[in-house]
1. Starting from the 7 Å offset along Cα-to-Cβ, what nm value, one decimal, do you get for the label separation of LEU82 and ALA252?
2. Below 8 Å between Cα atoms, with a sequence gap of 6+, how large is the relative contact order for region 279-427 in percent?
3. Based on the Cβ-Cβ distance of TYR344 and MET55, what FRET efficiency does E = 1/(1 + (r/R0)^6) give at R0 = 56 Å, to the nearest 0.05?
4. Roughly how many Å² of GLU405 are accessible to a 1.4 Å probe, to the nearest 10?
5. Considering only protein heavy atoms and a 1.4 Å probe, what is the carbon-and-sulfur percentage of the accessible area of region 379-514?
6. Roughly how many percent of the accessible protein surface of region 106-147 is carbon and sulfur, given a 1.4 Å probe and a whole-percent answer?
7. Of LYS118/LYS393; LYS118/LYS205; LYS118/LYS456, which pairs sit farther than 24 Å apart, going by alpha carbon to alpha carbon?
8. For region 139-156, what does the Karplus curve 6.51 cos²θ - 1.76 cosθ + 1.60, with θ = phi - 60°, yield as ³J(HN,Hα) per residue in whole Hz, taken in order and with x for Gly and Pro?
Amino acid sequence: MGSNSTDNPAPGALTKPVGSLMQRMSRLMPYFGVLRSTWMLVALGAIVGALTEPMIPALLKPLLDEGFQQGNLDIWMIPASLLSLFAVRGLAGYVAQIGLSKITGQGLVLLRKEMFDKVLHARLDLFSQQSSSALSNTLVYDVQSGSGMLVNSILSLVRNGLTALALLGYLFFLNWKLTLIVAAVFPVVAVVMRTLTRRVHHLTKANQDATDELAYVVEENVLAHRDVRLYSAQRLQAGRFEQLSESLRRLAMKSTIAGAAMTPLTQMVAAVALSAVISVAVLQSASSGTSVGGFVAFVTTMLMIIAPIRQLSEVSGPITRGLVALERALDMIHDIPNETSGSYAKSRAQGSIAFEGVEVLYPNANTPAINSLTLGVNPGETVAFVGTSGSGKTTLMNLLPRFVECSAGQVLLDGVRLEEWSLPSLRSQFALVSQHVVMLNDSVAANVALGLPLDKTKVAACLLAANLSRFLEDLPQGIDTVVGHNAAQLSGGQRQRLAIARALYKDAPILILDEATSALDTESERAVQEALQVLMQGRTTLVIAHRLSTVMHANRIVVMDTGTILEMGTHTELLEKNGAYARLYRLGQDSSGLLA
């Protein structure tokens, strides 16, 4: 049911387990697998680095057998070989690291771009499922840390895996019987890693959800800072924050314990294998006369293979954490549907609107916000909607740009159902000035011309028409002045008049004025009303207002209550009926011109 069709789960509820490790990794290929040539360079660097590992113990064998025992080894051969070996290893590692940085950066850009596009075009359910802090954390921080951990862990996995295989191959070359003992280590290590990885995955997801909850508490207290102070709720909120912080600490500790257990367990398994190998090797050397160089080369290779095995066990944690972080982004991209859009398009609508048996029922609500409402609005007509708070006025207006969807009935614009309009074309027909004004952290001019080509001359004219001439004089850079975070340094009246200037600039055929002058003083309101009267000529205008001066000159006034129309007519006709509007009017006269 549109923007409010789902319940509000806890922050982070989008994350869910997805298939096997290979299936989960394959979901990332469209983002991190596009630079195929760079991946080949990284793989080449990893292969070269891995192949150089067995060459170190391979050099020990001739050094001990021919150098120390026989004394016929060229003295410069070993230093020259070592220098060449480490030069090749260094170059291979450098190429792999630079390539990985390029892959990570490119994948991050593609993933963030698609995520932000989802935020801009997702069905409005997304914003009831996820808090803004959770979305921000996922888009900015989670994907960055996750991609870094994952890609670097993949390189470590490939490099150490190849190194272990290369060293194992050299061990087979030296002594295949002893090598069978070493090979028995790998299945045991795999079982240990598989068991602990599952626990780390579960704990990482829980940790990420707890982090989102903690961020949400911070977000709530930032937004409600005045109320928290006014009602002395600091201690309560501090306790809430401390409780979530402690829960997050416990989860982080459990995750660390599970991850840290991999290394000592795999080292113990390797130590058992090494002890067995050394014991058997001593027995073999006594019976078969193995050379000192061969024995030392074998033991050295055995010791060297412990390091990549240990690093292979440690890489499981970062891979799991990286996947969990990135899977939340992938779930958001693939599982949250975009807004549905039709194909009908029109450059400028005539402005005929029809509500036919419309009903809107929000989730978990017992009664509809709009109940079987039927109403027609003619092109160029000004219709005002009045009623007590909660009567459904704003919900009715939100149906037009499809911020809310009908549960039943239909809404038509120029005789075409809203669902058949393309969303860009539909929304281009409306200019909205609401009581909740949102400004971007950009210049005054950019905020007025939002979404349209910037014409500074036109911007200045719209600002003057919105009675902001004195405001413009006080700006240090004029219309190029940046308004700051949501224009927080501006007064409520200035913010609302900027929104009116934005509506003037858009010059849409249909105006929606939702308490458009509620924050203005009497003098400013009069000037803005004059500008709006000019703008409203020849346009369909829907007005929600409490001020008598705003509604009394409308072509029709619709009085609403609990989602239904109580009565409708002109100001004079409704006063003569002596019904609901007349009661509101009389109350308004006692409240400085405000309709109740």
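The values are calculated or read from the model by the stated rules, or taken from the named source; none is laboratory data. Only a predicted model underlies this, so the values are computations on that prediction, with no experimental measurement involved. Cβ coordinates were reconstructed from backbone atoms using ideal geometry, including for glycine residues, and neighbour counts include every protein chain displayed. Just so you know, the surface numbers come from the protein's heavy atoms only, side chains and all, with ligands and any DNA or RNA stripped out. Shrake-Rupley method; radii C 1.70, N 1.55, O 1.52, S 1.80 Å.
1. 4.3
2. Values: 148 pairs, mean separation 37.4, N = 149.
It rounds to 25 percent for region 279-427.
3. Details: r = 70 Å, r/R0 = 1.26.
Between TYR344 and MET55 the formula returns 0.20.
4. 40
5. On the way: 2900 of 5440 Å².
The value for region 379-514 is 53 percent carbon and sulfur by accessible area.
6. Numbers: 1120 of 1890 Å².
Ligands and nucleic acids excluded, carbon and sulfur reach 60 percent.
7. On the way: LYS118/LYS393 29 Å; LYS118/LYS205 22 Å; LYS118/LYS456 31 Å.
Violating the 24 Å limit, Cα to Cα: LYS118/LYS393; LYS118/LYS456.
8. Values per residue, Gly and Pro as x: 6, 9, 9, 4, 5, 6, 5, x, 5, x, 4, 5, 5, 5, 5, 5, 4, 4 Hz.
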